[in-house]
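The structure appears right after this line, and notes come after that.
None of the figures in this text is laboratory data; all of them are computed from the coordinates on show. Keep in mind it's a predicted model, so treat the numbers as computed, not measured. Note that each Cβ is placed from the backbone with ideal geometry, even for glycine, and that neighbours are counted across all protein chains shown.
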Amino acid sequence: MSNSTVELDPRGQGPDAPWHLTGSRKPVFDEVTLTELEIKGEVPRDLNGRYFRNTANPQTGFTEHWFIGDGMIHGVELREGKANWYRNRWIRTPMFANPGVDRLKLALDPEKFTFDHAVSAANTHIIGHGGRILALEEGSFPYELTPELDTVGAHTFGGKLAGSFTAHPKFCPDTGEMLAFGYAQLPPYLTYYRVAPNGDLIQKEEISVTGATMMHDFAATRTHAIFMDLPAIFDMELAMQGGMPIRWSDDYPARFGVMPREGRDADVKWFDVDPCYCFHTLNAYHDGEEVVVFGMRVPEIWRDSAAMDMSVTPPKEDQPRLHEWRLNMTSGAVKERYLDDEPAEFPRISDAVQGHPMRYGYALGIGDPTGAAMGGKVNKYDLRSGATRESHIFPAGHEPGESVFVAREGGTAEDDGYLMTYVWQPETDTSYMVILDAANVADEPLAEIHVPRRIVSGFHSSWIPDPR
Ligand SMILES: [Fe+2]
């Protein structure tokens with residue numbers, strides 16, 4: 001199917017198109033299913049399921065900001081050593097049905113001053129939980145999809161969800177629960193959610209914060225949730241201009257809040273941290289009296305403008321780098337430090353160590369001198385040996401995305417498994433799914449599954465195994 005009826009916006013075409021609509025980020029304008037895929041190497045036979053990546057792919061070919069295009073999922077199904085298909089599908093939302101129409105116009109009821117949270121780009125993450133596949137975007141309700149990427153519709157947990165739902169929930173490997181939150185421009189600014197393994201929303205707690213911010217991610221230990229209340233604040237004037245309505249504030253206090261998972265607002269213990277922004281955490285766990293949080297920290301974001309152009313490489317100290325915060329639950333003291341000099345983003349861990357002390361973290365190396373605008377390597381950190389780093393370096397110009405770790409069937413070591421991502425190759429404007437051996441990350445890939453067209457680089461991805 002094609003959306004050829006939608007007229008392309010000339011601002012997204014040609015040499016003057018903004019960075020977020022060029023190269024690997026250039027949208028595709030049709031939906032395909034391809035079944036004859038060329039494979040190099042051998043696809044491990046214990047990988048049975050689907051790899052999905054969510055991307056911003058505006059139907060009109062233009063958006064003001066990278067983060068607001070219509071969500072499109074790119075998926076590959078693997079079974080018993082074979083790649084059954086690649087397919088890409090837009091998510092059918094009210095924004096998809098009204099291409100190019102301003103989001104606020106679709107979502108805001110100006111008389112009641114309420115928002116319709118079914119109005120979503122659904123473009124940030126895709127996850128599996130409680131037997132459902134959900135596309136997530138932090139300003140809206142999740143969208144449920146079928147395993148073949150057809151849209152079921154907005155998912156409200158049976159009407160229990162009244163507002164937005166983060167694109168970065170955490171999945172407890174011990175209880176099977178999904179921990180999440182939603183943030184809003186109007187009070188309550190922050191609401192915490194806990195979802196049972198069967199998909200029932202079983203806890204909803206309003207959390208007191210200083211004001212309306214962009215809270216993209218959070219963290220969770222085995223027993224606590226950690227909120228990052230940081231100085232990227234909502235600005236109504238910017239919202240009325242139709243762009244990204246967030247700007248940096250020198251006045252808003254930067255704090256991390258730690259709450260028992262089944263706790264209440266009054267139980268949150270707040271810690272002042274050095275002003276910063278952190279789009280993504282890697283993990284968090286308890287170490288004696290301290291809660292340790294790892295994330296990709298930047299000193300600030302969006303002071304003058306929210307424009308994003310990663311081809312213009314800022315100084316290393318302004319780019320996201322792996323950082324450690326230690327929050328002492330007894331004394332209230334905070335210790336923090338960078339763990340790596342080299343910029344990286346899209347941090348991931350093995351699902352099995354979520355909330356637990358872990359040894360390994362994975363991330364996309366960015367600002368890389370190989371010339372790949374989004375970074376040409378996948379990093380593996382060994383946090384037990386002082387955050388040393390080993391990398392898989394792709395051919396010059398090739399652009400991997402966020403890598404997902406999938407445990408090998410029967411594997412017991414933390415890194416006994418696979419790293420998978422899609423890689424774009426500029427010379428042919430085509431892509432491939434790569435499967436690396438996570439224990440030997442620098443080695444030749446175990447397999448490449450080639451797709452004879454561009455898989456748009458974007459945001460977050462998941463491996464969703466077949467139900468057992
Ligand atoms: Fe994210």
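According to the square roots a ≥ b ≥ c of the eigenvalues of the Cα gyration tensor, what is the shape class of segment 114-234, taking rounded for a/c under 1.5, prolate for a/b larger than b/c otherwise, and oblate for the remainder?
Because a/c hits 1.5 or more and a/b fails to exceed b/c, segment 114-234 counts as oblate.
Please arrange 434, 441, 293 by counting, for each residue, the other beta carbons lying within 10 Å of its beta carbon, fewest first.
Ranking 434, 441, 293 by Cβ neighbours within 10 Å, fewest first, gives 441, 434, 293.
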Highest mean packing first, using Cβ neighbours within 10 angstrom, the peptides 122-131, 69-78, 34-43 sort as 69-78, 122-131, 34-43
By the mean-Cβ-within-10 Å protection proxy, highest first, 384-392, 51-59 rank as 51-59, 384-392
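What is segment 334-438 by shape, rounded, prolate or oblate, if you read a ≥ b ≥ c off the alpha carbon gyration tensor as root eigenvalues and call it rounded for a/c under 1.5, prolate for a/b larger than b/c, and oblate otherwise? Show your work: numbers first, answer last.
Numbers: a/c = 2.54, a/b = 1.32, b/c = 1.93.
In terms of gyration-tensor shape, oblate.
When only Cα pairs under 8 Å and 6 or more residues apart are kept, what is the percent relative contact order across the chain? It would help to have the intermediate numbers written out before the result.
On the way: 1252 pairs, mean separation 61.0, N = 468.
Relative contact order for the chain comes out at 13 percent.
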Taking a ≥ b ≥ c as the square roots of the eigenvalues of the Cα gyration tensor, with a/c under 1.5 meaning rounded and otherwise prolate when a/b exceeds b/c and oblate if not, the chain is rounded
With only helices counted (DSSP H, runs n ≥ 4, each -39500 (n - 2.57)), the per-residue ellipticity at 222 nm for the chain, to the nearest 500, works out to -500 deg cm²/dmol
